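> Quick one: this structure, given as structure tokens, is what I'll be asking you about.
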């Protein structure tokens, strides 16, 4: 059991690092850039599931909170978390948990992963939009225009990529015995 726990903690750390790397892949926009972070969140949740996906994102947020430059544009520090884009970052934790939870309660298939990652995208956008609105004192229309609408198409593409890649990688990790199937998933297979 201890080996499994160490393996999962190692995977959480690796996925926190992957998220930090993906955060540096971005298309700059005036207030909220399009970055690879949300793709990494979807991959993490699809591969690790709810609990460990959320732990990986908690690690990522904690690394950024203490000042490491892991957020988009190589930013770090608590000021990012309380700033206009902080809601998206906090949303990653909830998104990873909910996306993984949906997959654990249904099946780790491409169709369910796409559904779960789409729900996750919505969670991230909603949490980001709420903080954006209040931090910048915007109307809801302005917050939606700046913080949601530009990200819907890209978010759906990332949800598809996270689902496709995530399910494939998850299957390979299970085959290599680097990732254990949850009890519910074992019973279904």
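> If one takes the longest principal axis of the Cα atoms in the chain, at what angle in degrees, from 0 to 90 and to the nearest 10, does the Cα axis of helix 86-105 lie?
Its long axis makes an angle of about 30 degrees.
> Using per-residue counts of other Cβ atoms within 10 Å, averaged over each peptide, order 96-107, 114-125 from highest down.
Those peptides, ordered most packed to least, come out 114-125, 96-107.
> Counting only helical runs of four or more DSSP H residues, what would the 222 nm mean residue ellipticity of the chain come to if each run contributes -39,500 (n - 2.57) and the total is spread over all its residues?
Dividing the helical sum by the residues of the chain leaves -25000 deg cm²/dmol.
> Using the per-residue mean of other Cβ atoms lying within 10 Å as a proxy for protection, in what order, highest first, do the peptides 138-147, 39-48 fall?
39-48, 138-147
> Continuing with this model, one more query. Just the Cα atoms of region 2-178, one point each, no solvent: what log10 I(q)/I(0) does Debye give at q = 0.17, 0.18 Å⁻¹?
After summing over all Cα pairs, the log10 values are -0.98, -1.09.
> Using a Förster radius of 45 Å, what is the FRET efficiency between residue 2 and residue 135 based on their Cβ-Cβ separation? Nearest 0.05, please.
The pair residue 2/residue 135 has a calculated efficiency of 0.55.
> Tell me, how many Å apart are the Cα centres for region 25-50 and for region 93-161?
Here the answer is 10 Å between Cα centres.
Values quoted throughout were computed directly from the atomic coordinates according to the rules given, and no laboratory measurement underlies them. Since the structure is predicted, the reported quantities are computational estimates derived from the model, not experimental observations. No Cβ is skipped: glycine too gets one built from the backbone with ideal geometry, and neighbour counts run over all protein chains shown.
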